[in-house]
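The values are calculated or read from the model by the stated rules, or taken from the named source; none is laboratory data. Just so you know, these numbers come straight off a predicted model, no measurement behind them. Note that each Cβ is placed from the backbone with ideal geometry, even for glycine, and that neighbours are counted across all protein chains shown. Heavy atoms of the whole protein, side chains included, go into the accessibility calculation; ligands, DNA and RNA do not. Shrake-Rupley method; radii C 1.70, N 1.55, O 1.52, S 1.80 Å.
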Amino acid sequence: EYAPCEGIIISYHPNYSAAILTIVRQMAVQMTTLGQAKAYIVFQSTATRDSTLTQLQADGADMSRIVPIVSTLNSIWMRDYGPRYIYEGGCRAIIDHTYNRPTRTSDNNFPIVFGALKHHALYTIPLIHGGGNFQLDSLGRSHATRLIVNENPTLTEPQIVNIWRQYQNVDTTLYTPFPTSVDSTQHIDMWVQVLADNKVMVSDWPADAGSTQDVICDDAAANIFPGLGYQVFRIPARSVGGVHYTYTNVVMCND
């Protein structure tokens, strides 16, 4: 995600609060101006598209970089179900996993829709997961929690690692997930973000020293990531009133 990109796909789903949709518009403005990237925005209807494009123009977006798409979606969480890209012979192609929310069939279908729109080849990887549980770098290393094992009970850990190697040319390290009482998603992007080829950000828990999540993060930061050649940066996270306040679950766009 830290690499230069043509654009970022985002969902503008009307079932979410006005505050969340304001954030999505702010992201689109930043992507198309400071990021100098396209914002592929998926709308549920032409009416929502038209009214939102007017708002984006007023907000200061570079409208030449806004690419509206009208398509049915179930949710806003594009990173979890949207297309994952590889290069195949110098051309972009999509690796499409099965979204781990079986009732969200339109979400699960979206990579096929986007692949057809862009005329990109699409390959279906035989794994069920949410894309937030997958971090990777450009040097062939990737990371996920063992949620992936629970979601694919017919496969062993080595088989899962080998499938990702076959489809995306990466060697995957698997980590203990947080307890669901701390983070219900158990996705690795809630406490890890790869920042550069050899740099990674990992959560720290100053108010919860010795907690399960603190032990998981400290081990990854002190042992696993340095052993893989990463420079580690720590950032505080909090668990307050049943809410996980993460500062690693971020979007990066062209510097």
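Per-residue HN-Hα couplings for segment 27-35, Karplus 6.51 cos²θ - 1.76 cosθ + 1.60 at θ = phi - 60°, whole Hz, x for Gly and Pro?
In residue order, the calculated couplings are 4, 4, 4, 5, 4, 7, 10, 4, x Hz.
Accessible area of segment 122-255 with a 1.4 Å probe: how many percent of it is carbon plus sulfur?
53
Return the whole-Å distance between the Cα centroid of segment 241-255 and the Cα centroid of segment 54-83.
So the separation of the two Cα centres works out to 20 Å.
With all protein chains present, how much of the accessible area of segment 17-106 (probe radius 1.4 Å) comes from carbon and sulfur, to the nearest whole percent?
54
Please compute the length gained on full extension between Q36 and S64, using 0.36 nm multiplied by the number of residues separating them and subtracting their Cα-Cα distance.
9.0 nm
Can you compute the radius of gyration and Dmax for the chain, using only the Cα atoms, both in Å?
Rg then Dmax for the chain, in Å: 18.4, 52.
Is the shape of segment 141-255 best called rounded, prolate or oblate, per the rule: a/c under 1.5 gives rounded, else a/b larger than b/c gives prolate, else oblate, with a ≥ b ≥ c the square roots of the Cα gyration tensor eigenvalues?
Numbers: a/c = 1.75, a/b = 1.26, b/c = 1.38.
Since a/c reaches 1.5 but b/c is at least a/b, the shape of segment 141-255 is classed as oblate.
Quick one: accessible area per residue over the chain, 1.4 Å probe, rounded to a whole number of Å²?
Roughly 47 Å² per residue, with all protein chains present.
Would you pull out the residues with amide H under 5 Å of Y2's amide H, same chain only if 5 or more places away, H placed 1.01 Å from N?
Those qualifying (amide H under 5 Å, at least 5 residues apart or on another chain) number zero.
Give a residue-ordered list of calculated ³J(HN,Hα) values for segment 238-250 (Karplus: 6.51 cos²θ - 1.76 cosθ + 1.60, θ = phi - 60°; whole Hz; x for Gly, Pro).
Karplus-based 3J(HN,Hα) across segment 238-250 equals 9, 10, 10, x, x, 10, 8, 8, 9, 10, 9, 7, 10 Hz.
Could you check the spin-label model distance between I23 and S75? Points 7 Å from the Cα along Cα→Cβ, value in nm.
1.4
222 nm [θ] for the chain, helices only, -39500 (n - 2.57) per DSSP H run of 4+, per residue, to 500?
For the chain, the value works out to -8500 deg cm²/dmol.
Where the centre of each part is set by its Cα atoms, how far does segment 188-219 sit from segment 131-155, in angstrom?
16
In vacuo Debye scattering of segment 94-193, one point per C-alpha: log10 I(q)/I(0) at q = 0.10, 0.20 Å⁻¹?
For segment 94-193 at q = 0.10, 0.20 Å⁻¹, log10 I(q)/I(0) is -0.28, -1.09.
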